[in-house]
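The values are calculated or read from the model by the stated rules, or taken from the named source; none is laboratory data. Every value quoted in this text rests on a predicted model; they were computed, and no experiment measured them. Every residue, glycine among them, receives a Cβ derived from its backbone with ideal geometry; neighbour counts consider all protein chains shown.
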Amino acid sequence: MLKDLFFIIVSTVLVNNFVFSRFLGHCPFLGVSNKTETAVGMGMATTFVLTMTAVAAYFIQSFILEPFGLTPFLQIVSFILVIASLVQLVEMAVLKISPALYNAFGIYLPLITTNCIVMGVALLIPQKGYNLIESTIFGLGAGLGFTLALVLMSGIREELEFSDVPEALKGPAIVFITAGLLAMIFLGFTGLAPL
Amino acid sequence: MAQLVKDFLNGLWKENPTFRAVIGICSALAVTTAGQNGIAMGLALTFVLTCSSILVSLLRNIIPSKVRIPCYIIVIATFTTIVDLFMKAYFPPLYQVLGIFIPLIVVNCIVLWRAEGFASKASLPRAIADALGMGLGYTWAITLISLVREVLGSGTLFGINVMGGATHWVIMMLPPGAFLVMGILVGIMNMISRKPVKKTHCH
Amino acid sequence: MNQYMRMIVVLVIISLVSGGVLALSYEVTNPRIQEQTQQALQQAVLKVIPGAEKIQTVEKEGMTFYIGTDNQGNKKGIAFKTTGSGFSGPIEIMVGYAPREGKLTGIEILSMSETPGLGARIKEPDFTDQFKGKSVNDEFIPKKDVKVITGATISPTAVANAIKSSLAKVTKIFPVGGDF
């Protein structure tokens, strides 16, 4: 049991990292990986929302969509609406409870709704048939993996500022090539955890 | 009319979503392992984008601005589900390959970007021209990525052997290959247009 | 109209229309989706049991078995589904088993999401044909008695393990040499 949870974490963070191997969450990965500080903020906010989404997706799937046979045609609509409202709720709650925390990562919250990593996790949970605890860990792992990718990238990009990049490759192009090299490194984790 | 042509061409090249605006990248990298995947994914997105733009443009004076984003999301999600169901029913092998990236069209930045940024302020013909241009711009871009990866990775073009087994670079089929090909293609597009994209439209 | 009322009315109408349209498209596509899945299953069963023309479905000990018979009603073999965990997701396999001979009669990959050009080659006859006529008492150890694919060992190993572990259960229900 505990072993399975451990494998889910290792698998989502390293082996099947959501950014480098599952190709999810690339918009913020390109957009907010300039500075390590913002990368950490965005990573934290996303991890938080992902964990909550995983729990929500589990309950909606197993208590509403599945029992009433609505999965094939209402799954997408209900998941996206729940994610959008959840993000709004979290934003309001954080603002009310701790303005300091809001300043640290609240500003990234509205950007998370259209981050495909959140929708991706919601859709993958029913596919994988996880139970409540496994779903939660899966969401958490996805967030940690995303944070890891974002922070790694931002560290490299801060150095990249000072290097002599060919004119045509400036901007997103060099980020993609760097991400390619990072993805190769992550291939090395293959086989670390049975899925 | 000239305006419509301009709107249509905008997405094909000047603001090409994949190479120039660099948004909606996830699916452009994930499914592009064979030519037909690129075409299928591109057409699926074009359908959702065009239908959503039509509705958003028609409803632009009816939807109150405070609830416009939820409304757009419902509209986009509806068309995404329709594509999802029809692909499952009529093209099961393709549906299996594209997998989760068909339902993920709902959060593809391109769709919301054009709905919110263009269709919500434009007349119906202009919204359609823009959506078709953007959709087809995305389609040719990811088909190009797919073909490069397919030729280098399995030595075939649309499944037909063209390299005589000379290239079987497995790395091109794996995630790193997707990133490298994308980076180099964006670089080449920068050289052609002599105006590098400095930042992406997405957050 | 009051501003808030208008928001609510617009949202409700859009949601209702969306729900209606989706329910309708589901009604239209569902028979076709069912038919497709049914067809794919049937084709796979007929492929893994040589000589089978008709299929009978039986439930035994929580597993579903498809018994293939020819036109005269002679039983030709059993097919069953099993799932392995591959490199990037589950691999669904249809396995054909002839209890009288204690041999596999073939396998067919139903669904998988392995890397194209690498793990995905488990779908090719080069890989699947080696299971035709393989004894159920074999070890099913990759690189030993199961050929793997160059550059990809995880997917073939997943297939071999899934078959081996399901056979342990199936041979208890339909023992080797026994009838079915």
How many residues does region C:7-26 contain that are within 9 Å of chain A (Cβ to nearest Cβ), in contact with a helix residue (DSSP H, G or I) (Cβ under 6 Å, 6 or more places away or on another chain) and aliphatic (A, V, I, L, M)? 1
Within region A:144-156, is even one residue loosely packed, with under 15 Cβ neighbours inside 10 Å and touching a helix residue (DSSP H, G or I) at 6+ places or on another chain (Cβ under 9 Å)? yes
Would you be able to tell me the number of residues in region A:161-175 that are hydrophobic (A, V, I, L, M, F, W, C), touching a helix residue (DSSP H, G or I) at 6+ places or on another chain (Cβ under 8 Å) and more than 19 Å from A:PHE29 (Cβ to Cβ)? 1
Please state which one of A:LYS170, A:LYS128 is under 26 Å from A:PHE63 (Cβ atoms), at pLDDT below 90 and within 14 Å of chain B (Cβ to nearest Cβ). A:LYS128
When every residue in region A:1-22 that is in a helix (DSSP H, G or I) and under 14 Å from A:ALA149 (Cβ atoms) is compared, the one farthest from the other protein chains (Cβ to nearest Cβ) is A:VAL13
B:VAL48 vs. criteria in contact (Cβ under 8 Å) with a residue 12 or more places away in the chain and either under 23 Å from A:ILE76 (Cα atoms) or of a type in the set (Gly, Ala, Ser) (or both): yes
Wholly inside region C:38-109, strands (runs of 3 or more DSSP E) that include 1 or more residues that are surrounded by fewer than 22 Cβ atoms within 10 Å (Cβ to Cβ) and without any contact (Cβ under 8 Å) to a residue 12 or more places away in the chain are C:54-60
Complete set of residues in region C:79-97 that are within 14 Å of chain A (Cβ to nearest Cβ) and within 11 Å of the chain's Cα centre (by Cα): C:THR83, C:GLY84, C:PRO90, C:ILE91, C:GLU92
Can you give me the number of residues within region A:125-143 that are among the aromatic types (Phe, Trp, Tyr), surrounded by fewer than 24 Cβ atoms within 10 Å (Cβ to Cβ) and part of a helix (DSSP H, G or I)? 0
Return the only residue of C:THR171, C:THR128, C:THR115 being surrounded by 18 or more Cβ atoms within 10 Å (Cβ to Cβ) and either farther than 29 Å from B:PRO93 by Cα or touching a strand residue (DSSP E or B) at 6+ places or on another chain (Cβ under 6 Å) (or both). C:THR128
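Quick grid of which residues meet (1) more than 28 Å from A:ASN16 (Cβ to Cβ); (2) surrounded by fewer than 17 Cβ atoms within 10 Å (Cβ to Cβ):
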| position | (1), (2) |
| --- | --- |
| B:ILE100 | no, no |
| B:ILE105 | no, no |
| B:ASN108 | no, no |
| B:ARG126 | yes, no |
| B:GLY165 | yes, yes |
| B:GLY183 | no, no |
Any residue at all in region A:147-156 that is within 13 Å of another protein chain (Cβ to nearest Cβ), touching a Pro at 6+ places or on another chain (Cβ under 8 Å), not in a loop (DSSP other than H, G, I, E, B) and not acidic (Asp, Glu)? yes
Within region B:137-152, tally of residues that are in contact with a Ser or Thr (Cβ under 7 Å, 6 or more places away or on another chain) and either farther than 17 Å from B:CYS26 by Cα or among the aromatic types (Phe, Trp, Tyr) (or both): 4
Quick check on my filter: what residues within region B:1-47 are hydroxyl-bearing (Ser, Thr, Tyr), surrounded by 24 or more Cβ atoms within 10 Å (Cβ to Cβ) and in a helix (DSSP H, G or I)? B:SER27
For region B:59-124, list the helices (runs of 4 or more DSSP H) that sit wholly inside it and hold at least 2 residues that are among the hydrophobic types (A, V, I, L, M, F, W, C), under 24 Å from A:PRO28 (Cβ atoms) and at pLDDT below 95; which are they? B:68-90, B:109-117
Among the residues of region A:157-195, write down those that are of a type in the set (Gly, Ala, Ser) and either surrounded by 15 or more Cβ atoms within 10 Å (Cβ to Cβ) or touching a residue at least 60 places away in the same chain (Cβ under 8 Å) (or both). A:ALA168, A:GLY171, A:ALA173, A:ALA179, A:GLY180, A:ALA183, A:GLY191, A:ALA193
Exactly one of C:LYS103, C:LYS81, C:LYS60 is charged (D, E, K, R) and within 14 Å of C:LEU41 (Cβ to Cβ), and that one is C:LYS81
If a residue has to be closer than 23 Å to C:THR128 by Cα and out of contact with any Phe, Trp or Tyr (no Cβ under 8 Å at 6 or more places or on another chain) to count, how many in region C:55-75 make the cut? 2
Look through region C:131-160, keep the residues that are free of Cβ contacts under 8 Å to residues at least 60 places away in the same chain and within 14 Å of chain B (Cβ to nearest Cβ), and return whichever of them is surrounded by the fewest Cβ atoms within 10 Å (Cβ to Cβ). C:THR150
The residue from A:GLY43, A:GLY31, A:GLY25 that alone is within 16 Å of A:LEU140 (Cβ to Cβ), within 11 Å of chain B (Cβ to nearest Cβ) and of a type outside the set (Phe, Trp, Tyr) is A:GLY25
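Listed here are the residues, each with its yes/no results for (1) closer than 17 Å to C:VAL21 by Cβ; (2) of a type in the set (A, V, I, L, M, F, W, C); (3) facing chain C (nearest Cβ under 9 Å).
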{"position": "B:SER57", "(1), (2), (3)": "no, no, no"}
{"position": "B:VAL67", "(1), (2), (3)": "no, yes, yes"}
{"position": "B:ILE76", "(1), (2), (3)": "yes, yes, no"}
{"position": "B:ILE105", "(1), (2), (3)": "yes, yes, no"}
{"position": "B:ASN108", "(1), (2), (3)": "no, no, no"}
{"position": "B:GLU116", "(1), (2), (3)": "no, no, no"}
{"position": "B:ALA119", "(1), (2), (3)": "no, yes, no"}
{"position": "B:PRO125", "(1), (2), (3)": "no, no, no"}
{"position": "B:ASP130", "(1), (2), (3)": "no, no, no"}
Might you let me know whether region B:169-181 holds any residue that is surrounded by 19 or more Cβ atoms within 10 Å (Cβ to Cβ), touching an Asp or Glu at 6+ places or on another chain (Cβ under 9 Å) and assigned to a loop (DSSP other than H, G, I, E, B)? no
